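So the structure is just underneath, and the comments pick up after that.
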Amino acid sequence: MKTILGYLDAVKDQLNLRSDNAISKALGISRATVSRYRAGICVFDDEVCFTVARILDINPLEVIVAAHSARARDAQEKTRWASYWKDFSANFIVARASCRD
């Protein structure tokens, strides 16, 4: 699971963007908000999580869990969110693989 910065950079790479201003336009947010993400002052809301996931063609829950983990108040809460993703993604991969048979 990536960090918020990792997702911002992945969006930038995926869309071949040159600046944070271009990222802000792609995500439908202000340039100042991108700066706050980069500074660690704020974290994606769920709507931005869905937009990022759509751009990267990944499960939105991955980005949502990363955002909730980033805003966790302590290590125990952060670990709990990481555990949710680990449990979900393991089950999701198994379920997707069994559907192909």
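The values are calculated or read from the model by the stated rules, or taken from the named source; none is laboratory data. Model, not experiment: these values are computed from the prediction. Cβ: placed from backbone, ideal geometry, glycine included. Neighbour counts: every protein chain shown. In case anyone asks, the SASA skips ligands and DNA or RNA and just uses the protein heavy atoms, side chains included. Shrake-Rupley method; radii C 1.70, N 1.55, O 1.52, S 1.80 Å.
Observations, loosely collected:
- The listed residue being open to solvent by 70 Å² or more (accessible area, probe 1.4 Å) and either touching a residue at least 24 places away in the same chain (Cβ under 8 Å) or touching a strand residue (DSSP E or B) at 6+ places or on another chain (Cβ under 9 Å) (or both), out of LYS86, LYS25, LYS78, LYS2: LYS2
- Of all the numbered requirements in (1) surrounded by 13 or more Cβ atoms within 10 Å (Cβ to Cβ); (2) under 15 Å from the mean Cα position of the chain (by Cα), LEU17 misses one, and that requirement is (2).
- Subset tally (residues that are part of a loop (DSSP other than H, G, I, E, B), closer than 14 Å to VAL52 by Cβ and small (Gly, Ala, Ser)) for segment 26-42: 1
- Residues being closer than 15 Å to ASP20 by Cβ and hydroxyl-bearing (Ser, Thr, Tyr) - total across segment 37-73: 1
- Meets criteria (without any contact (Cβ under 8 Å) to a residue 40 or more places away in the chain, within 14 Å of THR3 (Cβ to Cβ) and surrounded by 13 or more Cβ atoms within 10 Å (Cβ to Cβ)) for ARG71: yes
- Number of positions in segment 36-66 that are surrounded by 14 or more Cβ atoms within 10 Å (Cβ to Cβ), among the small types (Gly, Ala, Ser) and modelled with pLDDT of 95 or more: 1
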